[in-house]
Amino acid sequence: MSPDTDHRIAVVPGSYDPVTNGHLDIIKRAAGLFDEVVVAVVNQSVRKSTAMFTIDERIGFIQDALAEAGVTNVRVDPFYELVVAYARRIGAQAIVKGLRQISDFEYEMEMGHLNRQQAPEIESIFVMASPRYAFLSSSWVKELARFDGQIDELVPAPVAKLLGERVAAQRAAAD
């Protein structure tokens with residue numbers, strides 16, 4: 001599919017397990033820069049542990065949060081292939097990734113170079129995290145939840161609720 005220069009599409013890929021307010025901030029900001037944003041949710045990340053939430057739950061959390069925020073030019077899709085292959089298939093011109101700290105930059109720079117080698121027509125665009133979310137990750141949210149930390153300001157309310165229920169069920173099963 002050749003890119004339509006009049007309709008700019010970006011892909012914002014990730015595992016989103018779970019989606020955080022930091023993820024949503026990057027997605028909303030990308031939505032302000034492109035005509036269409038596709039949040040591509042990978043079913044199982046190669047570099048991360050088993051997902052706590054199903055792909056359908058993760059997609060639903062993102063869709064609900066964006067609908068609540070009134071963001072209309074974003075759709076959420078699962079994907080099961082190289083992100084550049086997915087981006088090319090849907091006619092995207094860019095892959096947008098959020099950066100929190102230098103370690104994110106190093107990893108994403110490597111991925112950006114590999115993606116460029118695979119699909120030179122697709123740009124990698126890095127968006128710096130807003131300062132209030134620069135420390136935030138899905139892994140930290142899950143860790144906080146496991147030890148009864150406050151996560152209500154870090155994730156959408158439905159995520160906080162279900163994450164609390166999952167952690168409680170895991171504790172009950174371990175007892």
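The values are calculated or read from the model by the stated rules, or taken from the named source; none is laboratory data. Fair warning: this is a prediction, and the values are worked out from it, not measured in the lab. Neighbour counts are summed over all protein chains in view; Cβ atoms, including those assigned to glycine, are modelled from backbone coordinates with ideal geometry.
Among the residues of the stretch 144-168, those identified as buried (at least 16 other Cβ atoms within 10 Å of the Cβ) and either part of a loop (DSSP other than H, G, I, E, B) or in contact with a Gly (Cβ under 6 Å, 6 or more places away or on another chain) (or both) are Ile151, Leu154, Val155, Pro156. Among the residues making up the stretch 61-101, a single one is among the aromatic types (Phe, Trp, Tyr) and surrounded by fewer than 13 Cβ atoms within 10 Å (Cβ to Cβ): Tyr80.
Listed here are the residues, each with its yes/no results for (1) modelled with pLDDT of 95 or more; (2) aromatic (Phe, Trp, Tyr); (3) under 21 Å from Ala40 (Cβ atoms).
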{"position": "Val96", "(1), (2), (3)": "yes, no, yes"}
{"position": "Arg100", "(1), (2), (3)": "no, no, yes"}
{"position": "Ile122", "(1), (2), (3)": "yes, no, yes"}
{"position": "Ser139", "(1), (2), (3)": "no, no, yes"}
{"position": "Lys161", "(1), (2), (3)": "yes, no, no"}
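Based on what the data block shows, is Val41 touching a Lys or Arg at 6+ places or on another chain (Cβ under 6 Å), modelled with pLDDT of 95 or more and either hydrophobic (A, V, I, L, M, F, W, C) or within 22 Å of Pro156 (Cβ to Cβ) (or both)? I'd like the intermediate steps shown before the answer.
Details: touching a Lys or Arg at 6+ places or on another chain (Cβ under 6 Å): yes; modelled with pLDDT of 95 or more: yes; either hydrophobic (A, V, I, L, M, F, W, C) or within 22 Å of Pro156 (Cβ to Cβ) (or both): yes.
The answer is yes for Val41.
Residues checked against (1) of a type in the set (Lys, Arg); (2) in contact (Cβ under 8 Å) with a residue 40 or more places away in the chain; (3) within 30 Å of Ala168 (Cβ to Cβ):
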site	(1), (2), (3)
Arg89	yes, yes, no
Ala94	no, yes, no
Ile102	no, no, no
Tyr107	no, no, no
Arg116	yes, no, no
Ala119	no, no, no
Ile125	no, yes, no
Leu144	no, no, yes
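Residues of the stretch 126-143 that are of a type outside the set (Gly, Ala, Ser) and surrounded by 11 or more Cβ atoms within 10 Å (Cβ to Cβ): Phe126, Val127, Met128, Arg132, Tyr133, Phe135, Leu136, Trp140, Val141, Lys142, Glu143.
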